[in-house]
Every structure is written in structure tokens, then in C-alpha cells.
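Structure, as C-alpha cells:
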Amino acid sequence: VEERLEDQNLLEVNRFDIEASVLGAFAETEDVVAIATAEEIIAEIITPEMSEFEKVKAIHDYIVMNFDYDYENVQADTIPATSYTAEGVLSTSRGVSAGYAKTFELLCKCAGIETDYIVGTTKDGLQIWNQVKVDEQWYNIDVSMNDPFEEGKVFDFHLNNHYSYFLLSDGDIS
């Protein structure tokens, strides 16, 4: 993993092995209520016959359509701790890139999809996203960058393309 990601100037890579129980995999770091909420979401949006691609897209779309980037607190430099965690995003429906990435990771784990939580740098500074394994290939996905936010504007998910950072190769995301 480290070799595969070296070109992206990554600061840290956290790999979690999928365990038989999602609760067992996240019990030390994730709130039990957040896990239960994530499992409810997965039961609502994922069906057994879906391909890995369809599952990842459904999770991505759910996050983009149901959560808001915490733009106001970013602008005011008053970002609450809840915006950085899956627990916070699932309970407040607001977050920043770390919270989005952790939420995506938790939902993927509940759906049986392998994923990594990535902390790296972009031209704008620190950014957090995920890598996800689809059909034995690793791709990059940045759900927070696909969630449009601009002060005073409302976006319609179905009328706008929100897949600019969806399943990108390492070369495409760098």
C-alpha cells in the first residue's frame, strides 16, 4: 500500500482488515450508535445483488445527498470536533473531509467493501479521502470534494455532476 501511494505525498495510511463483525472492527474507535446507524443506512441502500461498483456508488450518493459540508464553520474557523468523525457526521449531518472520509469508510465496512482512510496533501493543503477496492482494483474517492458547497447556493444532486473525485486512479487524483 505504501509503495502504491508514495507518489501522492501521503502523510499517513491506515488499513483496517475487514473482520467478521463490523462492530468488532470499529468497537475501539467508533461509537456503537454510529455503527448501528451505518448498518441501518446500508440495509436501506444496498441489496445483495448489487455489484461492488453499485454499492460504492450508492454509499457515495447517500453521503453527498444527505450530509452537508460544514462550510460555515470552516469559514469562521470554528469547526466542531463532531465534523471530523463518522459519529458526528451521522448524528449532525455535517462534516469536513475527515468526517466524510470516516463516514464513507464506516459505511463501506458495513457493506463488506475494503477501504482505506487516506491523509495527504493537495495543492490547497491537507486533504483527507479514501481508497476503495472495486473488482480487485484500488481507486481513490473523495466524497467531500464531490459534495458541492458554496455559500448562498443550493445544488441539485441530480442536475449536477458530482463524480469528479469518484473512483480515480492514483495518477488522476494527484
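The values are calculated or read from the model by the stated rules, or taken from the named source; none is laboratory data. It should be emphasised that the depicted structure is a prediction, and the values quoted were computed from it without experimental measurement. Backbone-built Cβ (ideal geometry, glycine too); neighbour counts: all protein chains shown. Areas reflect the complete protein model, heavy atoms only, side chains present, ligands, DNA and RNA absent. Shrake-Rupley method; radii C 1.70, N 1.55, O 1.52, S 1.80 Å.
In whole percent, and with a 1.4 Å probe on the protein chains, what portion of the accessible area of the range 26-140 is carbon and sulfur? Please list the in-between numbers first.
On the way: 2560 of 5210 Å².
The value for the range 26-140 is 49 percent carbon and sulfur by accessible area.
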C-alpha center-to-center spacing [the range 85-121, the range 42-56] in angstrom:
17
Which order do the peptides 103-116, 51-64, 82-95 come out in when sorted by mean C-beta neighbours inside 10 angstrom, highest first?
103-116, 82-95, 51-64
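Using a 1.4 angstrom probe, figure out how much accessible area the range 42-105 has per residue, in square angstrom, rounded to the nearest whole. Spell out each step's value before the answer.
On the way: 2910 Å² over 64 residues.
Spelled out: the 1.4 Å probe surface of the range 42-105, per residue, equals 45 Å².
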